[in-house]
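The block underneath contains the structure these notes are about, expressed in structure tokens.
All of the numbers you see were taken from the coordinates with simple rules; none came from a lab. Because the structure is a prediction, the values reported are computed rather than measured. Cβ: placed from backbone, ideal geometry, glycine included. Neighbour counts: every protein chain shown.
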Amino acid sequence: QVQLVESGGGLVQPGGSLRLSCAASGMRFSMYALGWYRQAPGKQRELVATITNGGNTNYADSVKGRFTISRDNAKNTVYLQMNSLKPEDTAVYSCNVVYLLTAYWGQGTQVTVSS
């Protein structure tokens, strides 16, 4: 059974940084693309960044140049380094994988950017 567990969220001041982690189990991690999504209160969930099994990355325009997605296949973990955080980055961040045609999600981690 595929499980995704996020960590690393918290409260940070505008301009600060956080690194989110998503640990995966129950799948051959290195073979699959993964993504980070976020959902702010009252808004639809949106794609933040993706990384393919080969390491190619893609970002939402709103986070380009500030966020970096990476993966460590030895640790079955995908990361999201978030720099220059803004109040509008406040959301629940979740990681996602589509494994054997089924989408799996973690429980999410709250990121709050506020002074």
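Figures for the structure shown
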read-out	value
Residues that are under 27 Å from residue 29 (Cβ atoms) and among the small types (Gly, Ala, Ser), drawn from the range 78-92	91
Checking residue 21 against (1) touching a Phe, Trp or Tyr at 6+ places or on another chain (Cβ under 6 Å); (2) over 16 Å from residue 73 (Cβ atoms); (3) of a type in the set (S, T, N, Q), the condition it does not meet	(2)
Qualifying residue in the range 64-85 (condition: in contact (Cβ under 8 Å) with a residue 12 or more places away in the chain and in contact with a Pro (Cβ under 7 Å, 6 or more places away or on another chain))	yes
Number of the exception - residue 14 against (1) part of a strand (DSSP E or B); (2) touching a residue at least 40 places away in the same chain (Cβ under 8 Å)	(1)
Selection from the range 37-63 of residues that are in contact (Cβ under 8 Å) with a residue 24 or more places away in the chain and among the aliphatic types (A, V, I, L, M)	40, 48, 49, 51, 63
Elements of type strands (runs of 3 or more DSSP E) in the range 27-115, at least 3 residues being of a type in the set (A, V, I, L, M, F, W, C) and crowded, with 20+ Cβ neighbours inside 10 Å	46-51, 77-82, 91-99
Yes/no for residue 58 being over 14 Å from residue 20 (Cβ atoms), in contact with a helix residue (DSSP H, G or I) (Cβ under 8 Å, 6 or more places away or on another chain) and not aromatic (Phe, Trp, Tyr)	no
